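A short write-up of the structure that comes next.
The values are calculated or read from the model by the stated rules, or taken from the named source; none is laboratory data. Values in this document were obtained by computation on a predicted structure and should not be read as measured data. Note: ideal-geometry Cβ built from the backbone for every residue, glycine included; neighbour counts use all protein chains shown. Surface accessibility is based on the protein's heavy atoms, side chains included, excluding ligands, DNA and RNA. Shrake-Rupley method; radii C 1.70, N 1.55, O 1.52, S 1.80 Å.
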Amino acid sequence: MIFEITKKMEEKIREWDICKAVDVTGAKFAYTFIPTSIGLVIKVRCDICNSELDLTEDWG
């Protein structure tokens with residue numbers, strides 16, 4: 001399986017992101033991809049403030 005973050009999703013992440021990275025790698029997000037029978041659930045969690053953004057596309 002291949003999981004992708006689209007340009008539209010990248011924009012949503014940039015708009016949502018308010019935290020600054022605290023280490024030299026700049027890493028601060030955990031991405032979760034959950035394939036289901038009705039679609040793909042995509043969530044992004046900030047490792048700094050623990051807030052979560054749901055990027056799941058509209059199912060319908």
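For Ile18 and Ile38, FRET efficiency with R0 = 25 Å and r from the beta-carbon atoms, rounded to 0.05?
Rounded to the nearest 0.05, the efficiency is 0.20.
Averaged per residue, what accessible surface does the chain expose to a 1.4 Å probe, in Å²?
79 Å²
How far is helix 7-16 tilted off the main Cα axis of the chain, in degrees rounded to 10, range 0 to 90?
That works out to roughly 50 degrees.
Using a 10 Å Cβ count of at most 15 others and DSSP loop calls, identify the longest part of the chain lacking such chymotrypsin sites (Phe, Trp or Tyr not before Pro).
So the longest stretch without any such site is 4-58.
Using unit Cβ charges (K, R positive; D, E negative) and no other charged atoms, how large, in debye to the nearest 20, is the dipole of the chain about its Cα centre?
100 debye
How large a share of the accessible area of the chain, in percent, is made up of carbon and sulfur atoms when the probe is 1.4 Å and the other protein chains stay in place?
Result for the chain: 53 percent of the exposed heavy-atom area is carbon or sulfur.
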